[in-house]
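Engineer: Let me give you the structure first, and then I'll get to my questions.
The values are calculated or read from the model by the stated rules, or taken from the named source; none is laboratory data. On a predicted model such as this, the values are computed, not experimentally measured, just so you know. We place every Cβ from the backbone using ideal geometry, glycine too, and count neighbours over all the protein chains shown.
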């Protein structure tokens, strides 16, 4: 029986466990990346391990999230990360150099290698044939120290692509269609592999758009083959030595196969407030929705491939009087090439506002919509309040659909552009031909904003620099044999890490200050949660299905830990968040019978006896208010059980 791409890479990197579905396996990690919203904590954790250098082939620290420096906090974090990179031997990408996933794809990614990053959209590099996964900062710190990264051996699903995309239909529409089919829970416990004849019609930037939003499926990662198209991309980046051919065997076996005919695909759009709330743009157009704001960029759609198409649409046109349009290039490479090509002038001339090469509006870092505003974004998430405006209505769409909305001030099918443009620019154009963007033979390469690591001998006397906003790590209490706590909060299904620990320009600067950050925990669900949790001393959170979906931010576990949360009981967990809870020493429990969720209410007291014995068996019994029994489960590997018993991953690693 042949192997899939995923199985081939795992087989080359496995150091612990057996590649059987459901087994925990440990794999060697070749590369790591961090960004500044999660990186400060990751490097504090790495520093606490007492190592003098990273042990990976390559590790990169990026500054791309907290680039609005309205106070000293972000700048201090940047200084700490740069000093940690210098001391421990990492590459350091300075603020303004670009979004971590776009820059990593351009300058560091390599087919067949493994990568974990403290950002859930690290699977972007799967577009080049890399096994790239999002992880909590502590897992990244351990990998930087040479430790394995542990995952449950995933199921492997194939998305079989046939045909070719029509004009004004793009890679974003492919992944939105997959989200429509599979939902935000459909990829949990699986890797999504793309194959079929249609793969050959997609460039590396298009493939990366698709793997980027695989995170929204809840998938472990997504991956494309590495072929001659990959080789051409790497050669154009002057990195041809990184190329290797990689594809699934013809007789590879998949757990599920989903067919997508690119010929039949049309422009798609995700409606508020979930990336899987997907409909056809042609259907939504009938609702005559006025648009207030359009944002083009983010790690999903900020490549030169995307922005040159936007430039072609906007050339000679004008952004609607009622629309504010922002453009966030993914990297300095993209911005430089857009300028050299003339696309920058075309976009600027249409009335767009250029933002710096950073995440920006995607994480609520500026450019928030007006109250109740409609924002069409080429981003990957449209969770309620993520934009920075709680009552905004955010739609996710392709660059083509977004550009059309900017011109017409309404959500319209971009396939209508050729017949409607020219009202302001009297010369009709062959727009489809102008938008036929080819990958260049050579990309602009200027890496002077990437600081290379120094030799070990030159790093020995360096010290990390910590500003006053950088605080220590919270510590977990060791679990006894009885857990008795009150329910500090009860929430529903699909709670995201944005619900637990919001992003945005007011909160993100405190990602290195857990005590200050704690006052915002679950603010969007319950403004009294933080104070209630503190007053209880020890607490339990009860949640619904897919709890903790979204970002990899470990703050969504560390802050509840600081507030005294001992356990979280849910119908089911998102993969990364469950791992982060275990790393923090918080017990992740699930209802055996989901109907028991209805039995538990706020401030109920839950008592679990025989905790240590239950950890071994995975079967727990909780007693609610001394009366109702509920059966709970927590199936842990031996390693995970030891982490919980040690009081978290840092203490477990320290004991080793």
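Conditions (1) buried (at least 20 other Cβ atoms within 10 Å of the Cβ); (2) touching a helix residue (DSSP H, G or I) at 6+ places or on another chain (Cβ under 6 Å); (3) touching a residue at least 12 places away in the same chain (Cβ under 8 Å); (4) not in a loop (DSSP other than H, G, I, E, B), marked per residue:
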residue	(1), (2), (3), (4)
418	no, yes, yes, yes
433	no, no, no, yes
474	no, yes, yes, no
477	no, no, yes, no
480	no, no, yes, no
484	no, no, yes, yes
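Engineer: Filter segment 546-562 down to the residues that are assigned to a loop (DSSP other than H, G, I, E, B) and in contact with a strand residue (DSSP E or B) (Cβ under 7 Å, 6 or more places away or on another chain), then identify the one that is nearest to residue 598 (Cα to Cα).
Structural biologist: 548
Engineer: Residue 529 - would you say it is within 22 Å of the chain's Cα centre (by Cα), crowded, with 18+ Cβ neighbours inside 10 Å and closer than 19 Å to residue 499 by Cα?
Structural biologist: Working: within 22 Å of the chain's Cα centre (by Cα): no; crowded, with 18+ Cβ neighbours inside 10 Å: yes; closer than 19 Å to residue 499 by Cα: yes.
In short, no.
Engineer: Does any residue of segment 591-613 turn out to be in contact with a helix residue (DSSP H, G or I) (Cβ under 8 Å, 6 or more places away or on another chain) and farther than 30 Å from residue 17 by Cα?
Structural biologist: The answer is yes, given that some residue of segment 591-613 is in contact with a helix residue (DSSP H, G or I) (Cβ under 8 Å, 6 or more places away or on another chain) and farther than 30 Å from residue 17 by Cα.
Table: residues versus (1) more than 32 Å from the chain's Cα centre (by Cα); (2) under 28 Å from residue 519 (Cβ atoms).
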residue: 573; (1), (2): no, yes
residue: 582; (1), (2): no, yes
residue: 607; (1), (2): yes, no
residue: 626; (1), (2): yes, no
residue: 629; (1), (2): yes, no
residue: 644; (1), (2): no, yes
residue: 652; (1), (2): no, no
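Engineer: To continue, here is another question. Please go through segment 144-168 and pick out each residue that is closer than 24 Å to residue 378 by Cα and buried (at least 24 other Cβ atoms within 10 Å of the Cβ).
Structural biologist: Listed by number, the residues that qualify are 159, 161, 168.
Engineer: Identify all residues within segment 179-199 that are closer than 21 Å to residue 252 by Cβ, part of a helix (DSSP H, G or I) and in contact with a helix residue (DSSP H, G or I) (Cβ under 7 Å, 6 or more places away or on another chain); write none if there are none.
Structural biologist: Across segment 179-199, the qualifying residue is only 182.
Engineer: Still on this structure, please answer the following. Can you tell me which of 56, 6, 32, 38 is within 23 Å of residue 121 (Cβ to Cβ), part of a strand (DSSP E or B), touching a residue at least 60 places away in the same chain (Cβ under 8 Å) and within 24 Å of the chain's Cα centre (by Cα)?
Structural biologist: Step by step, each of 56, 6, 32, 38 is checked, and only 32 is within 23 Å of residue 121 (Cβ to Cβ), part of a strand (DSSP E or B), touching a residue at least 60 places away in the same chain (Cβ under 8 Å) and within 24 Å of the chain's Cα centre (by Cα).
Engineer: Can you tell me which of (1) over 16 Å from residue 550 (Cα atoms); (2) part of a helix (DSSP H, G or I); (3) in contact with a strand residue (DSSP E or B) (Cβ under 6 Å, 6 or more places away or on another chain) is the one residue 211 doesn't meet?
Structural biologist: (1)
Engineer: When you check residue 89 against the structure, is it more than 21 Å from residue 357 (Cα to Cα), over 13 Å from the mean Cα position of the chain (by Cα) and surrounded by fewer than 24 Cβ atoms within 10 Å (Cβ to Cβ), yes or no?
Structural biologist: Answer is yes for this residue.
Engineer: While we're on this one: Residue 389 - would you say it is assigned to a loop (DSSP other than H, G, I, E, B) and touching a helix residue (DSSP H, G or I) at 6+ places or on another chain (Cβ under 7 Å)?
Structural biologist: On the way: assigned to a loop (DSSP other than H, G, I, E, B): yes; touching a helix residue (DSSP H, G or I) at 6+ places or on another chain (Cβ under 7 Å): no.
Here the answer is no, as residue 389 does not meet what is asked.
Engineer: If you don't mind, another one. From 616, 590, 598, grab the single residue that is more than 14 Å from residue 538 (Cα to Cα), in a strand (DSSP E or B) and without any contact (Cβ under 8 Å) to a residue 60 or more places away in the chain.
Structural biologist: On the way: 616 fails: in a strand (DSSP E or B); 598 fails: in a strand (DSSP E or B).
It is 590.
Engineer: Here is a list: 644, 582, 576. Which entry is touching a strand residue (DSSP E or B) at 6+ places or on another chain (Cβ under 7 Å), part of a helix (DSSP H, G or I) and modelled with pLDDT under 95?
Structural biologist: Going through 644, 582, 576 in turn, the sole match is 576.
Engineer: Of the residues 130, 182, which is modelled with pLDDT of 95 or more and within 22 Å of residue 9 (Cα to Cα)?
Structural biologist: 130
Engineer: Right, another one. Among the strands (runs of 3 or more DSSP E) confined wholly to segment 254-300, which include 3 or more residues that are touching a strand residue (DSSP E or B) at 6+ places or on another chain (Cβ under 7 Å) and within 20 Å of residue 414 (Cα to Cα)?
Structural biologist: Output list reads 268-270, 278-280, 293-296.
Engineer: Considering only segment 335-358, I want to know if a residue exists there that is in contact (Cβ under 8 Å) with a residue 12 or more places away in the chain, within 13 Å of residue 292 (Cα to Cα), touching a helix residue (DSSP H, G or I) at 6+ places or on another chain (Cβ under 6 Å) and not in a loop (DSSP other than H, G, I, E, B).
Structural biologist: no
Engineer: Hey, could you check segment 621-640 for residues that are touching a residue at least 12 places away in the same chain (Cβ under 8 Å) and in a loop (DSSP other than H, G, I, E, B) and say which is surrounded by the most Cβ atoms within 10 Å (Cβ to Cβ)?
Structural biologist: Within segment 621-640, the match that is surrounded by the most Cβ atoms within 10 Å (Cβ to Cβ) is 634.
Engineer: If you don't mind, there's one more thing I want to ask. Return the residues of segment 502-515 that are in contact (Cβ under 8 Å) with a residue 40 or more places away in the chain, in contact with a helix residue (DSSP H, G or I) (Cβ under 8 Å, 6 or more places away or on another chain) and either outside any loop (DSSP other than H, G, I, E, B) or surrounded by fewer than 23 Cβ atoms within 10 Å (Cβ to Cβ) (or both); say none if nothing qualifies.
Structural biologist: Listed by number, the residues that qualify are 504, 508, 509, 510, 513, 514, 515.
Engineer: Could you please give the count of residues in segment 283-316 that are touching a helix residue (DSSP H, G or I) at 6+ places or on another chain (Cβ under 8 Å) and over 29 Å from residue 104 (Cα atoms)?
Structural biologist: 3
Engineer: Further question: Starting from residues that are assigned to a loop (DSSP other than H, G, I, E, B) and touching a residue at least 24 places away in the same chain (Cβ under 8 Å), keep the ones in segment 524-543 and report whichever is nearest to residue 477 (Cα to Cα).
Structural biologist: Per the criteria, the residue is 538.
Engineer: Does segment 53-86 hold any residues that are surrounded by fewer than 24 Cβ atoms within 10 Å (Cβ to Cβ), under 18 Å from residue 512 (Cα atoms), modelled with pLDDT of 95 or more and touching a helix residue (DSSP H, G or I) at 6+ places or on another chain (Cβ under 7 Å), and which are they?
Structural biologist: Answer for segment 53-86, where residues must be surrounded by fewer than 24 Cβ atoms within 10 Å (Cβ to Cβ), under 18 Å from residue 512 (Cα atoms), modelled with pLDDT of 95 or more and touching a helix residue (DSSP H, G or I) at 6+ places or on another chain (Cβ under 7 Å): 78, 80.
For every residue, the table says whether it meets (1) at pLDDT 95 or above; (2) buried (at least 24 other Cβ atoms within 10 Å of the Cβ); (3) over 20 Å from residue 107 (Cα atoms).
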{"position": "318", "(1), (2), (3)": "yes, no, yes"}
{"position": "321", "(1), (2), (3)": "yes, no, yes"}
{"position": "334", "(1), (2), (3)": "yes, yes, no"}
{"position": "341", "(1), (2), (3)": "no, no, yes"}
{"position": "347", "(1), (2), (3)": "yes, yes, yes"}
{"position": "350", "(1), (2), (3)": "yes, no, yes"}
{"position": "363", "(1), (2), (3)": "no, yes, yes"}
{"position": "375", "(1), (2), (3)": "yes, yes, yes"}
